[in-house]
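Novice: Dumping the structure here so I can ask a few things about it.
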Amino acid sequence: MKQKIKIQALVLFNAAGISNVSMKQIADSLQISAGNLQYHYKNKGVLLRCIYEDMYQEALHYIIPKDSYITLHHFEDIILKFDALQNKYSFFFNEIIHIGRNYPDILKRHAHATLERLKEGKVLLDYYVETERLKPETELVDYDKLVHTFWMLSTFWQSQRQIIMSTAYVVNQCHVVEILWNILLPHLTEKGIAEYKQIRKYIPISK
């Protein structure tokens, strides 16, 4: 029953936003009593923490392979997996500021997980430099800042679509992968560009 409740709560949170969904609405949608719901999850905060734990565990799969050659496609694969996570838990990313203010313990854990992901991102770019597919950093190019830019764009990509919804503006209707590649491409070496073209030949950018 606990899993069924989490699944239904996630559906409702994604549809209406966490602040607009009450425990009673969750119980009613499952056709159970409020007391039955409270037996499994004392309040919405407890339920949210359990849903976040699921999201946190799923995000652990986005790791860099050990002791193997990593292609540029791995960069894209990480972004695609993160995008899928955002779609599954869209309420969290759309309301991350609200959640942080009301559930600071969740924000603290999410911040820790994010810092770990940023470290992994820098390790990946350093690996691309070592394998001569990415140009070395210079006094004008800081890859820590580049990784942070990737994180910001991918984290808030869905949210910005809700701000700019004009049919006359189509830039933000592409997949976030396309935007991130557009930022990384100028930093690729000739070897990196050749590999990128090879990847694009067989794996078109997702829509």
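Novice: Specify whether the C-alpha gyration tensor of the stretch 4-104 places it in the rounded, prolate or oblate class, a ≥ b ≥ c being the square roots of the eigenvalues: rounded for a/c under 1.5, otherwise prolate if a/b is larger than b/c and oblate if not.
Specialist: Prolate shape, in that a/c is at least 1.5 and a/b is the bigger ratio.
Novice: For the chain, with all protein chains present and a 1.4 Å probe, just round the carbon and sulfur fraction of the accessible area to a whole percent. The partial results should precede the final answer.
Specialist: Values: 7110 of 12020 Å².
That share works out to 59 percent.
Novice: Of the candidates M23, M165, M55, which one comes out as most mobile in a Gaussian network treatment of the chain with C-alpha springs shorter than 10 Å?
Specialist: For the chain, modelled as a Gaussian network with Cα springs under 10 Å, the answer is M165.
Novice: Given an 8 Å cut-off on Cα distances and at least 6 residues of separation, report the relative contact order of the chain as a percent.
Specialist: 20 percent
Novice: Go through N182, N43, N102 and say which Cα lies farthest out towards the positive end of the charge dipole of the chain; charges sit on Cβ, +1 for Lys and Arg, -1 for Asp and Glu.
Specialist: Ranked along the dipole, the leading option is N43.
Novice: Mind checking the dipole of the stretch 72-123: about its Cα centre, +1 per Lys or Arg Cβ, -1 per Asp or Glu Cβ, Debye to the nearest 20?
Specialist: Taking the Cα centre of the stretch 72-123 as origin, the dipole is about 200 debye.
Novice: Return the long-range amide H neighbours of L134 (sequence gap of 5 or more, or a different chain), with a cut-off of under 5 Å between placed amide H atoms.
Specialist: Result for L134 returns V129, T189.
Novice: For the charge dipole of the chain, defined by +1 on Lys and Arg C-beta atoms and -1 on Asp and Glu C-beta atoms about the Cα centroid, which residue among L10, I199, A27 has the Cα displaced farthest towards the positive pole?
Specialist: The listed residue farthest towards the positive side: A27.
Novice: Tell me which label goes with the value of percent of Cα pairs over 30 Å apart computed from the coordinates here: [x] 16; [y] 26; [z] 34.
Specialist: [z]
Novice: Sticking with this one: Roughly how many Å² is the accessible area per residue of the stretch 167-206, as a whole number, for a 1.4 Å probe?
Specialist: Ligands and nucleic acids excluded, the result is 60 Å² per residue.
Novice: Top mean-square fluctuation among K88, K66, K122, Gaussian network model of the chain, C-alpha springs under 10 Å?
Specialist: K66
Novice: Which one of H112, M165, L124 has its Cα pushed farthest toward the positive end of the charge dipole of the stretch 88-207, where Lys and Arg give +1 and Asp and Glu give -1 at the Cβ?
Specialist: Projecting each Cα onto the dipole axis, the largest value belongs to M165.
Novice: Assign unit charges at the C-beta atoms only (+1 for Lys and Arg, -1 for Asp and Glu), then state the dipole size of the stretch 28-137 relative to its Cα centre in Debye, rounded to the nearest 20. Before the final figure, lay out the partial values.
Specialist: On the way: 14 positive and 16 negative charges, 93 e Å.
With Lys and Arg at +1 and Asp and Glu at -1, about 440 debye.
Novice: Could you do me a favour and compute the accessible area per residue for the stretch 1-62, 1.4 Å probe, result in Å²? It would help to have the intermediate numbers written out before the result.
Specialist: On the way: 3380 Å² over 62 residues.
Result: 55 Å² per residue.
Novice: Let me ask another. Quote the charge dipole size of the chain about the Cα centre in Debye, to the nearest 20; the model charges only the Cβ of Lys and Arg (+1) and of Asp and Glu (-1).
Specialist: Working: 25 positive and 22 negative charges, 180 e Å.
Charge dipole of the chain: 860 debye, to the nearest 20.
The values are calculated or read from the model by the stated rules, or taken from the named source; none is laboratory data. As the structure is a computational prediction, the values presented were derived from the model and not from experiment. Glycine also receives a Cβ, built like all others from the backbone with ideal geometry; neighbour counts cover every protein chain displayed. Protein only, heavy atoms only, side chains kept; ligands, DNA and RNA dropped before computing areas. Shrake-Rupley method; radii C 1.70, N 1.55, O 1.52, S 1.80 Å.
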